[in-house]
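Novice: Structure in structure tokens, see below.
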Amino acid sequence: PSGQRITQKPLFLCKPFVTSQLVKGSFSTIVVLPRYVDQGEWLALNLFEFFDMLNKFYGVVQEFCTPQACPSMSAGPGLDYSWLDANKKPLRLPATTYIEYVLQWISNRINDESIFPTKANPSTTTAVNAPSSSVSSSPAGAAGTAGQTWIGKEGGFPPNFYVTCKAIYKQMFRVFAHIYHTHFAKIVHMSLEAHFNSFFAHFIHFARAFELLERRDIEPLRPLIDSFEEQGLFKDNERSREQ
Amino acid sequence: QASGSLKDDYVVFPRDDSTFSSSTRERAKALKVKVELHYNQSVAYAVERNQRRVELEQDIVGEGKMSEERKKRRRQQLGKQESSFLRLRRMRLHADDFVTVKVIGKGAFGEVRLVQKRDTGKIYAMKTLLKSEMFKKDQLAHVKAERDVLADSDSPWVVNLFYSFQDAVYLYLIMEFLPGGDLMTMLIKYEIFGEDVTRFYMAQCVLAIEAVHKLGFIHRDIKPDNILIDKDGHIKLSDFGLSTGFHKTHDQKYYQRLLEGSSNTPETSNNRARNSVMVDAIHLTVSNRNQINTWRKSRRLMAYSTVGTPDYIAPEIFLNKGYGQECDWWSLGTIMFECLVGWPPFCAEDAHETYRKIVNWQSQLYFPEEIILSPEAEDLIRGLITSSDKRLGKRGADEIKAHPFFNGVNWDSLRSIEAPFKPNLSSITDTSYFPTEELENVPTAPALAAVMAEGNSQQQLAIGEETGLPFIGYTYKRFEHLKKSGGL
Ligand SMILES: Nc1ncnc2c1ncn2[C@@H]1O[C@H](COP(=O)(O)OP(=O)(O)OP(=O)(O)O)[C@@H](O)[C@H]1O
């Protein structure tokens with residue numbers, strides 16, 4: 001039966017839903033790195049917020065994402081993601097199990113103080129109270145990284161911070177892909193499509209600004225992203241660049 | 001699934017979520033609100049951030065000759081503040097992040113503690129509220145909106161709210177700590193004030209209440225326990241939005257029952273027992289020190305009880321006839337009476353009797369002969385404790401400000417003048433203006449005790465667990481407040 005499905009356009013690419021947006025105007029106002037702000041802090045906050053909301057979006061389709069209805073983590077015809085176990089062996093899991101694993105995995109990272117520190121940053125505090133003191137001392141200055149620099153170094157994020165962000169982003173994308181391809185009708189029934197589209201457009205805009213997704217990662221939703229592009233959703237607005 | 005013409009890609013899709021479980025529908029509703037709030041807030045954050053940067057650049061220009069090095073440092077400093085603020089937005093505060101120094105207040109749904117934030121060492125007042133109790137009343141969403149506006153107001157007359165967060169059981173409010181205690185404690189200590197001192201507190205209250213009214217709100221619960229004293233001895237109105245509305249003191253049915261005389265709920269009979277020493281409040285005189293002191297003791301116990309004290313509530317509120325902002329001016333009148341006379345005008349043996357007196361205020365308002373008040377003071381009190389249509393302040397606070405009792409008050413500089421009592425503090429965690437010892441003996445409210453007995457206060461929210469619609473967006477943090485308080 002899959003032969004026939006391929007020719008049928010998925011619901012999320014059909015009008016009026018493909019053009020349904022909660023947020024009007026360009027996302028760049030809230031995507032572009034604010035001036036003078038630590039990039040690590042910006043990535044951390046945004047990932048945190050994307051995760052929180054994605055979690056909630058999955059929460060509204062969860063009751064339909066059963067092992068029977070979604071025996072695999074599919075993202076459109078012919079595409080099933082597999083989960084790599086501890087030995088990197090690919091496992092085919094029901095979507096609900098896969099997503100549960102993903103969300104838990106991300107949650108563990110986002111709540112890990114050594115990757116996403118949340119407590120008052122000692123170097124920041126001293127620097128604000130005593131502006132004359134040196135700002136270069138980084139608490140994450142692990143052995144062997146002394147002379148190096150990396151995204152988030154100043155804010156006390158570890159050297160692998162950016163790589164971790166990318167890995168998280170890649171998995172979050174897959175959850176979007178599964179919801180769009182399998183549960184979008186439910187989203188529409190609940191009148192959430194404008195919210196979900198805007199959330200996804202924001203997610204992609206942010207990924208582009210900080211190169212968090214590889215070209216091949218986004219394949220399952222490329223037509224949607226292209227459509228958003230045509231609709232002008234990713235246009236940079238000059239003024240927001242100045243932030 | 002998608003049907004219709006493929007040519008124009010347009011589908012007709014009848015929406016129907018009636019077969020979805022109610023919990024899914026609830027989640028969807030909550031999510032909608034959350035997403036909308038999130039984008040509105042994100043844009044607001046960006047706009048505010050931009051403003052701060054523009055202000056800094058103007059500062060730099062304004063200061064004339066500034067070395068490049070210094071300019072760079074200023075910008076770096078702003079960057080650090082902004083970065084810390086981003087981090088705060090990511091922070092999931094937990095009760096464990098605060099160390100309790102002392103319990104400084106108790107209420108029906110929780111406690112107020114002096115706490116220290118573990119990582120920064122900063123001092124705050126933390127109010128805990130039992131969510132289960134709050135859910136019972138449906139006014140919460142509206143109450144939350146009030147609270148947010150007031151938190152946003154940045155008014156010097158309202159206690160600042162810095163953060164709020166929740167776990168499965170409690171809602172936590174982290175506020176600025178006002179070390180001077182409250183007006184109730186002060187009245188218990190000094191018994192009565194002279195007219196000059198009274199003028200100072202009343203004038204400050206007028207401005208505070210006016211500030212609340214200007215924001216479009218009615219406090220409804222102005223009483224000496226809610227008038228807090230800051231480190232300079234100036235007053236601020238305590239956080240109220242959250243509690244107002246689900247206290248029994250605002251429950252129409254409860255008033256109705258009281259007025260009908262069926263006041264034998266366990267709480268009121270307790271109060272009756274505590275108050276039983278006092279025979280007839282109205283004939284208390286200054287010479288009856290013991291009796292007054294007994295009243296004061298029970299007064300404080302009353303403040304800790306679920307019932308709360310009805311002494312300061314305007315008659316129209318519990319006569320269920322509708323009420324407006326002027327109800328707060330009535331409360332002010334009763335507090336002024338208490339400051340000058342030593343007890344509130346309608347105090348009585350039990351709540352029921354107090355209600356009866358308030359409703360019959362015309363025959364019950366009585367100025368004891370042995371206490372000499374100036375004609376201006378008495379006239380102002382009578383102007384406030386009167387029917388709502390004739391009440392001073394009905395047409396705005398200016399009516400009250402113009403009253404002869406306030407002659408000579410400079411309304412514009414009121415917050416900067418020397419206060420009559422300035423707390424004498426030995427440290428930032430000095431709690432000598434709070435009845436901390438007494439509080440240790442105050443029994444925990446029944447609802448609270450039940451929760452503690454169940455031992456689920458440690459319960460954590462699991463990932464994805466719903467936190468309930470009314471609390472969405474309740475994780476509140478605000479840059480200006482944090483910066484001013486040195487939280488950044
Ligand atoms: N920010 C604060 N700083 C210092 N003390 C406070 C603060 N907030 C409250 N308190 C103390 O705790 C007492 C009780 O607080 P509050 O009146 O807010 O709680 P409640 O009685 O539970 O609620 P409500 O006022 O709504 O009836 C106050 O009378 C005051 O002494």
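Novice: Please work out the Cα convex hull volume for segment B:310-414 and give it in Å³ per residue.
Specialist: Each residue corresponds to 107 Å³ of Cα convex hull volume.
Novice: Another question, if that's okay. Through the Karplus equation 6.51 cos²θ - 1.76 cosθ + 1.60, θ set to phi - 60°, convert the phi angles of segment B:426-432 into ³J(HN,Hα) values in whole Hz; use x for Gly and Pro.
Specialist: Going residue by residue, I get 8, 7, 6, 10, 5, 10, 5 Hz, with x marking Gly and Pro.
Novice: Where the centroid of each part is defined by its Cα atoms, how far is segment B:384-441 from segment A:43-75 in Å?
Specialist: A separation of 53 Å, based on Cα centres.
Novice: At 0.36 nm per residue, minus the direct Cα-Cα distance, what do B:VAL54 and B:LEU215 gain on full extension? Give it in nm, one decimal, please.
Specialist: The B:VAL54-B:LEU215 span can extend by a further 55.2 nm.
Novice: How well do other chains shield peptide B:9-15, expressed as the mean number of their Cβ atoms within 10 Å of each residue Cβ?
Specialist: 5
Novice: Roughly how crowded by other chains is peptide A:186-193, in terms of the mean Cβ count from those chains within 10 Å of each of its Cβ atoms?
Specialist: Per residue, the number of nearby Cβ atoms from other chains is 6 on average.
Novice: Students often get this wrong, so check it: of A:LYS153/B:LYS80; B:LYS71/B:LYS117; B:LYS236/B:LYS390, which have C-alpha atoms separated by over 21 Å?
Specialist: Those over the limit are B:LYS71/B:LYS117; B:LYS236/B:LYS390.
Novice: With r as the distance between the Cβ atoms of A:ASN111 and B:ASP9 and R0 = 45 Å, compute the FRET efficiency 1/(1 + (r/R0)^6) and round to 0.05.
Specialist: 0.60
Novice: Also: For a 19 Å ceiling on Cα separation, which of these pairs sit above it: A:LYS24/A:LYS170; A:LYS9/B:LYS34; A:LYS56/B:LYS29; B:LYS122/B:LYS422?
Specialist: A:LYS24/A:LYS170; A:LYS9/B:LYS34; B:LYS122/B:LYS422
Novice: Mind sorting A:PHE228, B:PHE337, A:PHE64 by how few other Cβ atoms lie within 10 Å of their own Cβ, fewest first?
Specialist: The order, fewest Cβ neighbours first, is A:PHE64, A:PHE228, B:PHE337.
Novice: Explain nothing, just compute: Karplus ³J(HN,Hα) = 6.51 cos²θ - 1.76 cosθ + 1.60, θ = phi - 60°, for every residue of segment A:16-32 in order, whole Hz, x for Gly and Pro.
Specialist: For segment A:16-32, the Karplus curve yields x, 5, 5, 10, 7, 9, 7, 9, 9, x, 7, 6, 4, 3, 9, 9, 4 Hz.
Novice: So, one more: Per residue of A:61-67, what is the mean number of Cβ atoms on other protein chains within 10 angstrom of that residue's Cβ?
Specialist: Partner-chain Cβ atoms within 10 Å, mean over residues of A:61-67: 2.
Novice: To continue, here is another question. State the Cα centre-to-centre distance between segment B:333-368 and segment B:71-126 in whole Å.
Specialist: Cα centroid to Cα centroid, the span is 41 Å.
Novice: Under 5 Å between amide H atoms, partner at least 5 residues away or on a different chain: which partners does A:PHE234 have, H built in plane at 1.01 Å?
Specialist: none
Novice: Suppose each label sits 7 Å from its Cα in the direction of the beta carbon; what would the B:TYR366-B:SER432 distance come out to in nanometres?
Specialist: A separation of 4.0 nm, rounded to one decimal place.
Any read-out appearing in this document is the output of simple, stated calculations on the displayed coordinates, not a laboratory observation. Treat the numbers as computed from the prediction; the structure is a model and nothing was measured. Cβ: placed from backbone, ideal geometry, glycine included. Neighbour counts: every protein chain shown.
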